[in-house]
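Notes follow the structure.
The values are calculated or read from the model by the stated rules, or taken from the named source; none is laboratory data. The structure presented is a predicted model; accordingly, all values stated were derived computationally and were not measured. FYI the Cβ positions are ideal-geometry reconstructions off the backbone, even for glycines, and counts take in every protein chain you see.
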């Protein structure tokens, strides 16, 4: 059974710092991996989707990488801002369920201090 | 473009009452999902559907039923609510991975906060 882990559970950084969030998964047989952002009391907002054949995706100050063979993904946030404060979740689509399901990590709660 | 819309946004139920949560998407997505989110437990899949007229159990299906009579709608029912079902419920949708030339990102609704007393 696929399991997804995000470490650390919480992270606090000063504004302007570059930072990396980690996501690991136990089974490398995935179709894709997606990073989300969740603000308190809100739904999940999709940030980036990486297909299993890709190594990375970029959107603005965000860069997500995927190393499928080692079961790892990282989300790099450049020049962090207080508005980046949120919980970041990663999710994989395992091949064991024919890609019909998403399996989530528990998230990293990020606080960017002014 | 409304995306994924959940109704209602908040609800308080008494133990034993029933209710239906409605999820509607306007993106013509094949896949639809119901998750619950609880502190310390992350997002857990309740039920999902890979197309109109189909449903399947997720990780925590007990106490819930679903129906997908129309492609754009996915209903989650609680027949006899229990305090353990107090949670935030999220609906999501995406294209099938087997659709050609589409973005298979999953999109989420804003959630339904349910309290069972």
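A few points about this structure:
- Number of the exception - residue B:52 against (1) touching a strand residue (DSSP E or B) at 6+ places or on another chain (Cβ under 8 Å); (2) touching a residue at least 12 places away in the same chain (Cβ under 8 Å): (1)
- Of the residues in region A:65-82, at least one is surrounded by 13 or more Cβ atoms within 10 Å (Cβ to Cβ), modelled with pLDDT under 95 and over 30 Å from residue B:112 (Cβ atoms).
- Summed over region A:30-41, residues that are over 10 Å from the mean Cα position of the chain (by Cα) and either part of a strand (DSSP E or B) or surrounded by 14 or more Cβ atoms within 10 Å (Cβ to Cβ) (or both) total 4.
- Any chance residue A:103 is within 12 Å of residue A:37 (Cβ to Cβ) and surrounded by 18 or more Cβ atoms within 10 Å (Cβ to Cβ): no
- Every condition in (1) more than 19 Å from residue B:40 (Cα to Cα); (2) outside any strand (DSSP E or B) holds for residue A:64 except the one numbered (2).
- Residue ID - nearest to residue B:7 (Cα to Cα), chosen from residues in region B:67-98 that are within 14 Å of chain A (Cβ to nearest Cβ) and without any contact (Cβ under 8 Å) to a residue 40 or more places away in the chain: B:68
- Checklist (1) without any contact (Cβ under 8 Å) to a residue 12 or more places away in the chain; (2) more than 13 Å from chain B (Cβ to nearest Cβ) applied to residue A:45, failing item: (2)
- Subset of region B:100-110 that is within 11 Å of another protein chain (Cβ to nearest Cβ) and at pLDDT below 90 - its residue that is farthest from residue B:42 (Cα to Cα): B:103
- Residue ID - farthest from the other protein chains (Cβ to nearest Cβ), chosen from residues in region B:44-66 that are closer than 20 Å to residue B:7 by Cβ and crowded, with 21+ Cβ neighbours inside 10 Å: B:66
- Unique residue being over 28 Å from residue B:49 (Cβ atoms) and in contact (Cβ under 8 Å) with a residue 40 or more places away in the chain when the list is A:107, A:71, A:60, A:83: A:71
- Consider region B:23-43 and keep the residues that are free of Cβ contacts under 8 Å to residues at least 60 places away in the same chain and surrounded by 15 or more Cβ atoms within 10 Å (Cβ to Cβ). The one that is nearest to residue B:114 (Cα to Cα) is B:36.
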